[in-house]
Amino acid sequence: MIKNSKTCMRALALGIMLLGILTSCEKDFSNLDLPGVSPNFDTDVAYFKTFAKNVKLNSVQTNGLTTYQLGKYTSDVYGEEESYIVSQLALPAANPSFGLYSQEREVADDTLYYTIDEEETVTRVYLDIPYFTSATVDEDGNPVLDGFDVQTYELDSIYGNQDLTFGLRVEKLDYYLGDYQEPDFTEAAKYFSSDPTPNFLNYTSDILGDDDTFEINDGTLITFDEDDPETEDVDESEDVAEVLLPRIRIDLDTQFFQEMIIDQEGSSSFSSNANFREYLRGIVISTYNLNENLLMLLDISQANITIEYTYTTATEDEDGVIEYDDTNESSFTLGLSGNVIQKTTTNGFPVLDTSEDAELVYLKGTEGSMAEITLFEPDDIQMMRDENWLINEANLTFYVDRTDLDGAANELIEPNRIYLFNKDEESTPLIDYLIDSNGSTTSGNVFYNRFVHGGIIEKNDDGDAIQYKIRLTEHLNNIVRHDSLNVTLGLVVLSDITNVATGAAKVNAGAEEIIIPNGSTTNPSGTILYGSSATVPEDRRLRLEVFYTKPSN
């Protein structure tokens with residue numbers, strides 16, 4: 001009897017739940033003016049006209065990025081682009097001291113044995129810029145180790161010939177990089193990739209480092225302990241002291257940093273980073289003699305200049321005898337931060353069809369191109385509203401035109417992902433992006449985040465990109481059912497879908513500024529997609545695919 005009562009209660013609860021679902025469905029169609037009657041519904045798929053327009057990005061804002069490009073890359077489709085990096089330098093703290101004591105104390109009282117001139121002497125200076133890396137694992141997922149039981153790594157975000165020998169140069173910058181826009185100095189400064197002025201290569205003086213036989217090394221940098229002569233049975237020099245990830249490392253001029261940094265201890269130029277950046281305005285990092293493609297993406301926030309130096313100390317024994325030791329070692333580090341800028345020159349970029357209904361859509365990161373996407377013809381939205389459509393799913397599928405991509409002597413770097421956004425409202429994400437949390441915490445690779453919203457590359461059995469699909473169901477429901485504006489959408493290449501911060505770009509011969517995602521600015525990839533023109537075969541043409549439900553008549 002008790003068992004039967006429980007069964008009845010479960011049935012009653014299920015009935016209430018189903019009633020709630022039906023009531024919810026009725027609410028979606030409450031404007032039918034059919035009180036108490038549950039309408040029948042038809043489900044179908046429809047395709048709507050979509051308009052695609054190419055937009056050339058003549059120059060893009062490159063200060064304030066997370067990634068910077070260094071090197072040169074040429075493709076048959078988009079021609080040649082070459083980039084160098086300009087960066088201010090930063091003190092780790094104001095009024096730094098070298099050695100044990102500040103310069104003020106060193107000269108304060110020469111009657112004290114320890115207030116001596118510490119004679120700090122630079123022994124080595126080098127610039128470090130770590131590569132993006134990923135740890136190597138075997139087929140069982142176990143870490144691959146080298147001879148020192150140190151994890152090995154693979155280099156990421158380097159395109160072209162990694163075995164190339166080329167020139168790498170670091171120069172002193174003589175141009176002051178202001179933080180605010182001229183002439184009123186009320187807005188933050190914007191530095192663009194290809195503005196003709198300033199050409200920072202014309203504002204350099206001292207060559208701080210120059211290696212004409214530089215090669216990329218994918219190995220870790222390993223340092224070892226010094227051997228302790230008092231331990232006869234143990235050789236400490238075989239013990240690993242530090243392991244650094246693979247990186248660019250280039251030696252710099254010791255005399256320059258002796259005179260400009262170490263010898264200036266106590267100077268007012270070191271009282272703040274603002275003063276320091278007026279005093280030493282920055283560096284320019286460039287490549288040369290690149291006879292093949294090689295383009296490196298670098299995280300400059302992890303870069304630094306290390307100054308190693310020796311200094312003298314004094315000690316007094318019980319008899320008052322003073323002994324001097326000039327073998328003490330220390331180091332001082334300058335960061336690369338403040339205004340960091342990428343300058344890019346391009347040659348051979350194709351002439352784009354900028355009509356409202358382009359046959360081909362050209363997407364190229366960096367100083368490249370994007371697309372404007374407009375959904376529907378004028379009467380389509382009103383028709384859906386009049387017929388009370390509920391959008392179950394809506395997709396834009398962009399098919400890759402491989403005509404010029406296959407067989408090219410200089411291959412294009414094809415994007416792993418493309419990104420659709422609200423161009424009319426400062427390039428903000430669409431609602432489908434915002435509500436899609438898939439992969440945001442469970443995926444080890446941000447490439448797969450928000451995979452329901454999509455835009456991820458799809459390949460055929462030969463490994464060639466064939467299409468990208470983007471879901472915008474909620475965006476369309478907001479237009480049809482909530483009277484949201486049918487805004488112009490923007491389309492760009494993007495790798496890290498979590499990085500949708502924005503910056504400026506110049507279009508229309510550089511006169512007009514628009515807002516675009518920074519992730520496109522830092523992405524060297526590109527592709528060619530079929531557009532929306534009637535000349536495109538229907539099975540390749542860009543159209544809006546809509547799965548919908550509506551009340552049956």
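The values are calculated or read from the model by the stated rules, or taken from the named source; none is laboratory data. Note that this is a predicted model, so its numbers are computed, not measured. Cβ coordinates were reconstructed from backbone atoms using ideal geometry, including for glycine residues, and neighbour counts include every protein chain displayed.
Select from segment 422-451 the residues that are touching a helix residue (DSSP H, G or I) at 6+ places or on another chain (Cβ under 8 Å) and either surrounded by 20 or more Cβ atoms within 10 Å (Cβ to Cβ) or β-branched (Val, Ile, Thr) (or both) and list them in ascending order.
Of everything in segment 422-451, those that are touching a helix residue (DSSP H, G or I) at 6+ places or on another chain (Cβ under 8 Å) and either surrounded by 20 or more Cβ atoms within 10 Å (Cβ to Cβ) or β-branched (Val, Ile, Thr) (or both) turn out to be 430, 431, 432, 435, 450.
Specify which of the listed residues (178, 99) is within 25 Å of the chain's Cα centre (by Cα) and over 27 Å from residue 240 (Cβ atoms).
178
Output the number of residues of segment 217-235 satisfying the condition of being touching a helix residue (DSSP H, G or I) at 6+ places or on another chain (Cβ under 9 Å) and either surrounded by 11 or more Cβ atoms within 10 Å (Cβ to Cβ) or in contact (Cβ under 8 Å) with a residue 24 or more places away in the chain (or both).
Going through segment 217-235 one residue at a time, the tally reaches 4.
Scan segment 179-198 for residues that are without any contact (Cβ under 8 Å) to a residue 24 or more places away in the chain and more than 30 Å from residue 254 (Cβ to Cβ) and jot them down.
Those that are without any contact (Cβ under 8 Å) to a residue 24 or more places away in the chain and more than 30 Å from residue 254 (Cβ to Cβ): 180, 181, 182, 183, 184, 185, 186, 187, 188, 196, 197.
So residue 91 passes all but one of these: (1) of a type in the set (A, V, I, L, M, F, W, C); (2) modelled with pLDDT of 90 or more; (3) loosely packed, with under 14 Cβ neighbours inside 10 Å. Which condition number does it fail?
(3)
Looking for something within 30 Å of residue 75 (Cβ to Cβ), among the hydroxyl-bearing types (Ser, Thr, Tyr) and surrounded by 13 or more Cβ atoms within 10 Å (Cβ to Cβ) - is there at least one such residue anywhere in segment 244-267?
no
Residue-wise test of (1) out of contact with any Gly (no Cβ under 6 Å at 6 or more places or on another chain); (2) loosely packed, with under 14 Cβ neighbours inside 10 Å.
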site	(1), (2)
372	yes, no
377	yes, yes
382	yes, yes
402	yes, no
412	no, no
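Given the structure, is residue 461 among the acidic types (Asp, Glu) and within 23 Å of residue 401 (Cα to Cα)?
yes
Check whether at least one residue in segment 408-424 is in a strand (DSSP E or B), among the β-branched types (Val, Ile, Thr) and under 23 Å from residue 518 (Cβ atoms), and report yes or no.
Looking through segment 408-424, at least one residue is in a strand (DSSP E or B), among the β-branched types (Val, Ile, Thr) and under 23 Å from residue 518 (Cβ atoms).
Any residue in segment 448-473 that's over 30 Å from residue 390 (Cα atoms): show its pairings with residues that are polar (S, T, N, Q) and surrounded by 23 or more Cβ atoms within 10 Å (Cβ to Cβ) at Cβ separation under 8 Å, as long as the two are six or more apart or on different chains.
Listed pairs, sorted by first residue: 465/527.
Going residue by residue through segment 494-510, is there one that turns out to be more than 23 Å from residue 83 (Cα to Cα) and surrounded by fewer than 21 Cβ atoms within 10 Å (Cβ to Cβ)?
Within segment 494-510, one or more residues are more than 23 Å from residue 83 (Cα to Cα) and surrounded by fewer than 21 Cβ atoms within 10 Å (Cβ to Cβ).
Can you go through 490, 463, 519 and tell me which one is within 19 Å of residue 413 (Cα to Cα) and not in a helix (DSSP H, G or I)?
Exactly one residue qualifies, and that residue is 463.
From the list 86, 55, 45, which one is closer than 30 Å to residue 356 by Cα, at pLDDT 95 or above and in contact with a Phe, Trp or Tyr (Cβ under 7 Å, 6 or more places away or on another chain)?
Going through 86, 55, 45 in turn, just one is closer than 30 Å to residue 356 by Cα, at pLDDT 95 or above and in contact with a Phe, Trp or Tyr (Cβ under 7 Å, 6 or more places away or on another chain): 45.
Inside segment 119-216, counting only strands (runs of 3 or more DSSP E) that do not spill past its ends, which hold 1 or more residues that are loosely packed, with under 15 Cβ neighbours inside 10 Å and either out of contact with any helix residue (DSSP H, G or I) (no Cβ under 8 Å at 6 or more places or on another chain) or on the phi < 0 side of the Ramachandran plot (or both)?
Because the criterion is at least 1 residues that are loosely packed, with under 15 Cβ neighbours inside 10 Å and either out of contact with any helix residue (DSSP H, G or I) (no Cβ under 8 Å at 6 or more places or on another chain) or on the phi < 0 side of the Ramachandran plot (or both), the strands (runs of 3 or more DSSP E) in segment 119-216 that meet it are 121-130, 132-135, 153-156, 165-173, 204-215.
Could you list, in sequence order, the residues of segment 64-93 that are part of a loop (DSSP other than H, G, I, E, B), of a type in the set (A, V, I, L, M, F, W, C) and within 16 Å of residue 521 (Cβ to Cβ)?
65 - this is the single residue of segment 64-93 that is part of a loop (DSSP other than H, G, I, E, B), of a type in the set (A, V, I, L, M, F, W, C) and within 16 Å of residue 521 (Cβ to Cβ).
Run residue 99 past the list (1) crowded, with 21+ Cβ neighbours inside 10 Å; (2) assigned to a strand (DSSP E or B) and report the number of the one that doesn't hold.
(2)
In segment 117-136, which residues are among the β-branched types (Val, Ile, Thr) and within 30 Å of residue 323 (Cβ to Cβ)?
Within segment 117-136, 121, 122, 123, 125 meet the criteria.
Pick out the one residue from 197, 223 that is under 27 Å from the mean Cα position of the chain (by Cα), at pLDDT below 85 and in the same structural domain as residue 131 (by TED's automatic domain parsing).
Just a single option satisfies the conditions, and that option is 197.
Any idea which of (1) touching a helix residue (DSSP H, G or I) at 6+ places or on another chain (Cβ under 8 Å); (2) within 12 Å of residue 491 (Cα to Cα) is the one residue 340 doesn't satisfy?
(2)
Could you check segment 238-255 and list, in sequence order, the residues that are modelled with pLDDT under 95 and assigned to a strand (DSSP E or B)?
240, 241, 242, 243, 244
Can you pull out the strands (runs of 3 or more DSSP E) entirely within segment 303-403 that have at least 3 residues that are over 20 Å from residue 467 (Cβ atoms) and either touching a residue at least 60 places away in the same chain (Cβ under 8 Å) or not aliphatic (A, V, I, L, M) (or both)?
In segment 303-403, 304-316, 322-347, 390-399 are the strands (runs of 3 or more DSSP E) which contain 3 or more residues that are over 20 Å from residue 467 (Cβ atoms) and either touching a residue at least 60 places away in the same chain (Cβ under 8 Å) or not aliphatic (A, V, I, L, M) (or both).
Among (1) surrounded by 15 or more Cβ atoms within 10 Å (Cβ to Cβ); (2) under 21 Å from residue 390 (Cα atoms), which single condition is residue 489 missing?
(2)
Kindly indicate whether residue 268 is of a type outside the set (Val, Ile, Thr) and at pLDDT below 95.
no
Would it be correct to say that residue 231 is within 26 Å of the chain's Cα centre (by Cα) and modelled with pLDDT under 90?
Against the criterion (within 26 Å of the chain's Cα centre (by Cα) and modelled with pLDDT under 90), residue 231 does not qualify.
Considering only residues that are surrounded by fewer than 16 Cβ atoms within 10 Å (Cβ to Cβ) and touching a Lys or Arg at 6+ places or on another chain (Cβ under 8 Å), look in segment 452-465 and name the one that is farthest from residue 500 (Cα to Cα).
Applying the filter and picking the extreme gives 464.
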